[in-house]
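To start, the structure itself, in structure tokens.
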Amino acid sequence: MNAETRPGTITFYHLNEFEGKTIEDFLLFYRQSSSNRHRLIQSRSIEINHKPVKDSHVLLQKGDTITIHIPFMKVDHVPAETPCPIVYEDDYLYVAHKEPGIIIHGDPDDTKCLAAEAAAYQLEHSIQAPVRYIHRLDRETTGLVLFVKNPFFQPWYDAMLEEKKISRHYLAITRGSAMPGQKFTFRGKIGRDRHVNGKYRLSETGKEAETIVRCLQKKKGYLLMACTLKTGRTHQIRVHLSSAHFPIVNDPLYGTPSVHFHHMGLWAEEMILTDPVTGEQIMVHDLPDEDYQFFTPEAKSH
């Protein structure tokens with residue numbers, strides 16, 4: 001299967017894998033809600049071979065073409081003065097670089113957040129769609145954030161994230177005692193710290209959390225750690241590493257200060273996801289980060 005996107009439409013070609021299945025099956029594959037499926041059918045927004053579909057139980061044949069008409073939408077956030085850097089883009093999504101110190105999303109008129117920078121990018125490149133990010137990063141964390149360009153694909157990517165089919169790999173600079181090649185699995189439950197606003201801690205009443213960590217390099221009292229999220233709890237890597245006596249440098253809540261690095265030492269450096277049409281794997285790496293030049297290049301391989 002492949003697809004073509006144009007303003008207001010998505011056209012899917014060569015739907016051989018859906019032969020004998022229904023339009024309903026097709027929409028469920030893309031995780032469209034019951035209300036959205038109903039709206040698409042009732043508004044005659046779906047065509048098979050250029051003929052409007054009136055019944056979601058119509059069977060698809062080998063070689064059919066599906067066209068979906070998307071209502072016109074516009075950028076729904078006040079843009080920042082400068083767009084965010086984009087490290088990957090295709091017809092369905094883009095992956096932005098977030099600088100440390102900014103939040104992902106504020107009020108709709110907040111121009112000091114990544115969503116505002118994304119709005120500026122979309123307006124600059126004539127991407128007429130709401131600004132929709134799929135996941136968040138903490139304010140002080142730098143790295144990759146995934147945005148969808150077409151709202152039709154947002155439920156699909158939301159589901160991929162929920163089902164752990166989007167891999168997010170981080171690099172962390174910490175203190176502590178470990179040897180290169182040493183591996184750790186942290187599974188402590190994470191909940192809010194009732195005594196400090198905005199802080200989290202290990203808690204038996206918290207939510208399940210799992211982080212896989214490997215020590216990549218040790219240099220001058222600092223460790224470079226590769227961290228892979230198996231769950232996506234708030235402050236997960238920061239809490240797990242701190243609780244295991246690997247405090248992240250310059251982490252204002254859980255870490256230890258360091259004059260050797262400019263920012264908090266947590267970097268969402270790699271993302272692996274799937275193309276929603278072809279099923280091909282997409283691997284994205286972030287822009288280079290000056291703090292991590294402290295370590296040798298070969299040590300930064302996951």
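The values are calculated or read from the model by the stated rules, or taken from the named source; none is laboratory data. Everything numeric here is computed off the predicted structure, so don't read it as measured data. No Cβ is skipped: glycine too gets one built from the backbone with ideal geometry, and neighbour counts run over all protein chains shown. Accessible surface areas use protein heavy atoms only, side chains included; no ligands, DNA or RNA. Shrake-Rupley method; radii C 1.70, N 1.55, O 1.52, S 1.80 Å.
With the structure loaded, tell me whether residue 108 is more than 18 Å from residue 278 (Cβ to Cβ), open to solvent by 40 Å² or more (accessible area, probe 1.4 Å), in contact with a His (Cβ under 7 Å, 6 or more places away or on another chain) and not in a helix (DSSP H, G or I) or whether it fails that test.
Answer is yes for this residue.
Pick from 167, 203: which is farther than 14 Å from residue 239 by Cβ and out of contact with any Phe, Trp or Tyr (no Cβ under 9 Å at 6 or more places or on another chain)?
Of the residues listed, the single one that is farther than 14 Å from residue 239 by Cβ and out of contact with any Phe, Trp or Tyr (no Cβ under 9 Å at 6 or more places or on another chain) is 167.
What strands (runs of 3 or more DSSP E) completely inside the range 1-59 contain at least 1 residues that are touching a residue at least 60 places away in the same chain (Cβ under 8 Å) and surrounded by 14 or more Cβ atoms within 10 Å (Cβ to Cβ)?
Qualifying strands (runs of 3 or more DSSP E): 2-6, 9-13.
Condition first: in contact with a His (Cβ under 9 Å, 6 or more places away or on another chain), surrounded by 16 or more Cβ atoms within 10 Å (Cβ to Cβ) and closer than 29 Å to residue 258 by Cβ. Can you find one or more residues in the range 78-88 that meet it?
yes
In this structure, does residue 230 turn out to be under 19 Å from residue 140 (Cα atoms) and either of a type outside the set (Val, Ile, Thr) or in contact with a strand residue (DSSP E or B) (Cβ under 7 Å, 6 or more places away or on another chain) (or both)?
Taking the combined requirement at face value, the residue does not satisfy it.
Looking at the structure I just gave you, is residue 131 touching a His at 6+ places or on another chain (Cβ under 8 Å) and either within 23 Å of residue 116 (Cβ to Cβ) or surrounded by fewer than 18 Cβ atoms within 10 Å (Cβ to Cβ) (or both)? Spell out how you get there, then give the answer.
On the way: touching a His at 6+ places or on another chain (Cβ under 8 Å): yes; either within 23 Å of residue 116 (Cβ to Cβ) or surrounded by fewer than 18 Cβ atoms within 10 Å (Cβ to Cβ) (or both): yes.
Yes; evaluated as a whole, the condition is true for this residue.
Would you pick out the residues in the range 269-289 that are in a strand (DSSP E or B) and either in contact (Cβ under 8 Å) with a residue 24 or more places away in the chain or in contact with an Asp or Glu (Cβ under 6 Å, 6 or more places away or on another chain) (or both)?
Pass one, the range 269-289, residues in a strand (DSSP E or B): 269-274, 281-285.
Answer for the range 269-289, where residues must be in a strand (DSSP E or B) and either in contact (Cβ under 8 Å) with a residue 24 or more places away in the chain or in contact with an Asp or Glu (Cβ under 6 Å, 6 or more places away or on another chain) (or both): 269, 270, 271, 272, 273, 274, 282, 284, 285.
Is one or more of the residues making up the range 236-253 open to solvent by 20 Å² or more (accessible area, probe 1.4 Å), part of a loop (DSSP other than H, G, I, E, B), charged (D, E, K, R) and in contact with an Asp or Glu (Cβ under 9 Å, 6 or more places away or on another chain)? Steps first, please.
Restricting attention to the range 236-253, the residues satisfying the condition of being open to solvent by 20 Å² or more (accessible area, probe 1.4 Å) are 242-245, 247, 250, 252-253.
From the residues that got through so far, the ones that are part of a loop (DSSP other than H, G, I, E, B) too are 244-245, 247, 250, 252-253.
Those still in the list that are charged (D, E, K, R) too: none.
There is no residue in the range 236-253 that is open to solvent by 20 Å² or more (accessible area, probe 1.4 Å), part of a loop (DSSP other than H, G, I, E, B), charged (D, E, K, R) and in contact with an Asp or Glu (Cβ under 9 Å, 6 or more places away or on another chain).
How about the range 275-300: which of its residues are open to solvent by 20 Å² or more (accessible area, probe 1.4 Å) and under 21 Å from residue 98 (Cα atoms)?
283, 285, 287, 288, 289, 290, 293, 294, 300
Would you mind telling me which numbered condition in (1) of a type in the set (Val, Ile, Thr); (2) in contact with a Ser or Thr (Cβ under 8 Å, 6 or more places away or on another chain); (3) over 30 Å from residue 152 (Cβ atoms) residue 272 fails?
(3)
When you go through (1) open to solvent by less than 20 Å² (accessible area, probe 1.4 Å); (2) farther than 22 Å from residue 281 by Cβ one by one for residue 139, which number turns out not to apply?
Of everything listed in (1) open to solvent by less than 20 Å² (accessible area, probe 1.4 Å); (2) farther than 22 Å from residue 281 by Cβ, residue 139 misses just condition (1).
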